[in-house]
Amino acid sequence: MIDQYVFGVHAVTALLANKLRPTKLIYINEERIDKRIQDLINLAESQKISIEKLSTQKMNQQFAEYTHQGIVAVAGKLQEYCQADLIRLLELCKKPSLILVLDGVTDPHNLGACLRSADATGVDFVIIPKDKNASVTPVVSKVACGALESIPLVRVTNLARAMETLKAEGVWIYGAAGEANTSLYDLDCKGSIAIVMGAEDKGLRHLTRELCDGLFSLPMNGSVTSLNVSVATGVCLYEVIRQRA
């Protein structure tokens, strides 16, 4: 099993709280003494997880590429879901279901932010393609603020086939496209739906567009013509829960 680094207070707290994968070791900056860190230490000790305290200098040297906030956990590999798991995950969904599909989001910060919004809005699971999409990294985990520990992330080899599976199971699929005439606020989001967001620069791929049951756009009333994909994702998902409320 490949170990993965999880860093940052929120992400490590979620790792310890959800227990979906083993935590093998936690590095803590010995010079950081505050209640949040002490609470994490207490939680780790209650689970008999080893703690190694390092100086600020050693912490920054060992984890130079990360904004670690003085805490880094060494965890087992995150559980992976694939194309074959889709039917089972759909059966476990709440009704009506809400699924997020990301078509080519390559920036790990954007992927992490999308996952955070997905968790906050009660998305059942997130689908990403294996190729030409950001994969799970410590940066994604940090930006997701614990969402990776609570929401299934499905990596599929064939996004088109995955979308066809969703449709066959009664899920309506709506894709975000800047040129679409239908507004996000005109969608009926009360049934089981999947929201599809495209790549940061190119948007949805042609085949992805063709497989959507409908396309929608976000109203842009200022001088900019588009939103960052993670911001747009949050707007879309919160409109779904607003309608369902």
With respect to Lys58, determine if the residue is of a type in the set (D, E, K, R), modelled with pLDDT of 90 or more and surrounded by 12 or more Cβ atoms within 10 Å (Cβ to Cβ). yes
With the condition kept exactly as written, say whether any residue in the stretch 54-72 is part of a loop (DSSP other than H, G, I, E, B), hydrophobic (A, V, I, L, M, F, W, C), closer than 20 Å to Val136 by Cα and touching a helix residue (DSSP H, G or I) at 6+ places or on another chain (Cβ under 6 Å). no
Sort out for me the strands (runs of 3 or more DSSP E) sitting completely within the stretch 77-190 that have 2 or more residues that are more than 18 Å from the chain's Cα centre (by Cα), buried (at least 17 other Cβ atoms within 10 Å of the Cβ) and of a type in the set (A, V, I, L, M, F, W, C). 172-176
Restricting attention to the stretch 11-44, report how many residues are buried (at least 16 other Cβ atoms within 10 Å of the Cβ), among the polar types (S, T, N, Q) and assigned to a helix (DSSP H, G or I). 1
First in the stretch 219-245 and among the hydrophobic types (A, V, I, L, M, F, W, C), second anywhere and at pLDDT below 90, Cβ under 6 Å, 6 or more apart: Val229/Glu200
Would you call Leu159 assigned by TED's automatic domain parsing to the domain that holds Glu210, touching a Pro at 6+ places or on another chain (Cβ under 6 Å), more than 28 Å from Gln69 (Cβ to Cβ) and among the aliphatic types (A, V, I, L, M)? yes
It is to be established whether one or more residues within the stretch 209-217 are under 23 Å from the mean Cα position of the chain (by Cα) and in contact (Cβ under 8 Å) with a residue 60 or more places away in the chain. no
Is there a residue being closer than 30 Å to Ile241 by Cα, assigned by TED's automatic domain parsing to the domain that holds Asp131 and not hydrophobic (A, V, I, L, M, F, W, C) anywhere in the stretch 20-27? no
Which ones in the stretch 87-126 are of a type in the set (Val, Ile, Thr) and either at positive phi or touching a residue at least 40 places away in the same chain (Cβ under 8 Å) (or both)? Ile87, Ile99, Val101, Val105, Thr106, Thr121, Val123
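The values are calculated or read from the model by the stated rules, or taken from the named source; none is laboratory data. The structure displayed is predicted, hence computed values, not measured ones. With ideal geometry, Cβ positions are generated from the backbone for all residues, glycine too; neighbour counts draw on all protein chains shown.
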